[in-house]
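First the structure, in the form of structure tokens, and then the observations on it.
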């Protein structure tokens, strides 16, 4: 359980390093998928370290992942027209919970 307390900080620090290294506040689709991979890898580690994840523990992980998205990913300029970006950002964010639910289900089977 203690591991999830650091999930937010670990993910935020790792993604911030990637963004800082790039330095231009933009993101390509390939870089975005790489960042998703980082979050998934850290979530897998957190799920495995915690063993059985109860709903409260899982909700904490989802909230942390959403916070990282809101604070670090959403402000980046996506490689799409700005008019569409205001629609795409919420859709991407809304995919976090279902993705983590599927990941949890796979790891628990």
Open item on the list: Which of the helices (runs of 4 or more DSSP H) found entirely inside the range 4-109 contain at least 3 residues meeting this: more than 13 Å from the chain's Cα centre (by Cα) and modelled with pLDDT of 90 or more?
Closed with: 82-94
Open item on the list: Every residue in the range 79-100 that is exposed (fewer than 15 other Cβ atoms within 10 Å of the Cβ) and either in contact with a strand residue (DSSP E or B) (Cβ under 7 Å, 6 or more places away or on another chain) or in contact (Cβ under 8 Å) with a residue 40 or more places away in the chain (or both), please.
Closed with: 79
Task: The lone exception for residue 76 - which of (1) free of Cβ contacts under 8 Å to residues at least 40 places away in the same chain; (2) surrounded by 17 or more Cβ atoms within 10 Å (Cβ to Cβ); (3) touching a strand residue (DSSP E or B) at 6+ places or on another chain (Cβ under 8 Å) it fails - done: (1)
Task: Of all residues making up the range 54-73, the number that are over 19 Å from residue 26 (Cβ atoms) and surrounded by 12 or more Cβ atoms within 10 Å (Cβ to Cβ) - done: 11
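The values are calculated or read from the model by the stated rules, or taken from the named source; none is laboratory data. Bear in mind the structure is a predicted one, so any value in this text is a computation, not a measurement. Every residue, glycine as well, gets a Cβ built from its backbone with ideal geometry; the counts of neighbours run over all protein chains shown.
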